Structure formats: C-alpha cells, structure tokens
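Read the structure below first, then the notes.
The values are calculated or read from the model by the stated rules, or taken from the named source; none is laboratory data. Please read these numbers as outputs of a predicted model, since none were measured by experiment. As a convention, Cβ positions derive from the backbone with ideal geometry for all residues, glycine included, and neighbour counts pool all protein chains shown. Areas reflect the complete protein model, heavy atoms only, side chains present, ligands, DNA and RNA absent. Shrake-Rupley method; radii C 1.70, N 1.55, O 1.52, S 1.80 Å.
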Amino acid sequence: MNVKHTYLIEIMYHDTHNVEVITLTTEDLEWSMKQYQRNRKPFAWEKLDWKRESDARQLVDLRDTE
C-alpha cells in the first residue's frame, strides 16, 4: 500500500509567468501533476515542501522571495 503525502507545489505558467501555489495530496506526485496539466496552459512546477498525510504540521514555503 502506498502512503499518501501532501505537497506544496509552485506552478509557473510559461506564457504569462504567473505563479500560483497549490496543495495536493497524492500517492504519486508525478502522475498527479500530469493529470493536473490536462486542459491547462503549459507550466513548470516545483515541489516546495511535503509531509505525510497524517502529519499535522503546516506546509511552509521557505524560499527567500525578497
């Protein structure tokens, strides 16, 4: 049985360079991101943080964006 993880994902759209951050819970991040890409404009994504689904801590973006 695969363990689910919750991920904090940054998405940047190629055409506009707009950025959004999503939270996604899945057993297979690569597969889930391919499904998320369907019917959307092309984008690049980056995993910012992750935890086991049962972990109560908050996901945090620790990048220096200043």
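Classify the chain as rounded, prolate or oblate, taking a ≥ b ≥ c as the square roots of the eigenvalues of its Cα gyration tensor: rounded when a/c is under 1.5, otherwise prolate if a/b is larger than b/c and oblate if not. It comes out oblate by the Cα gyration axes.
With every protein chain kept in place and ligands, DNA and RNA left out, what is the accessible area per residue of the chain? Probe 1.4 Å, answer in Å².
Per-residue accessible area for the chain comes out at 78 Å².
Among Ile11, Gln58, Trp31, flag the residue with its Cα farthest along the positive direction of the charge dipole of the chain, charges on Cβ as +1 for Lys/Arg and -1 for Asp/Glu. With unit charges placed on the Cβ atoms, the residue in question is Trp31. Coupling constants for region 27-37 follow from the phi torsions by the Karplus curve (6.51 cos²θ - 1.76 cosθ + 1.60, θ = phi - 60°), and in residue order they are 8, 9, 5, 4, 4, 5, 5, 5, 5, 5, 5 Hz; glycine and proline get x. Protein heavy-atom surface of the chain, 1.4 angstrom probe: 47% of the accessible area is carbon and sulfur, with nucleic acids and ligands not counted. Sparse packing (at most 11 other Cβ atoms within 10 Å of the Cβ) combined with a DSSP loop state is found for the following trypsin sites (Lys or Arg not before Pro) in region 23-66: Arg38, Arg40, Arg57, Arg63. Dividing the mean sequence gap of close Cα pairs (under 8 Å, 6+ apart) by how many residues the chain holds gives a relative contact order of 41 percent. Each of Glu46 and Met12 was given a label point 7 Å from its Cα along the Cα-to-Cβ line. The distance between the two points is 0.6 nm. Using the Karplus relation 6.51 cos²θ - 1.76 cosθ + 1.60 with θ = phi - 60°, the per-residue 3J(HN,Hα) values for region 4-19 come to 7, 10, 10, 10, 9, 10, 9, 10, 10, 6, 4, 6, 10, 6, 5, 10 Hz, with x marking Gly and Pro. The charge dipole of the chain, taken about its Cα centre with unit charges on the Cβ of Lys, Arg, Asp and Glu (plus for the first two, minus for the last two), comes to roughly 280 debye.
From the helices alone, meaning DSSP H stretches of at least four residues, give me the mean residue ellipticity at 222 nm for the chain, per-run term -39500 (n - 2.57), in deg cm²/dmol to the nearest 500. Calculated at 222 nm, the ellipticity per residue is -4000 deg cm²/dmol.
Using Cα springs under 10 Å in a Gaussian network model of the chain, which residue among Asp49, Asp28, Asp15 shows the largest mean-square fluctuation? Most flexible of the set in this elastic network: Asp15.
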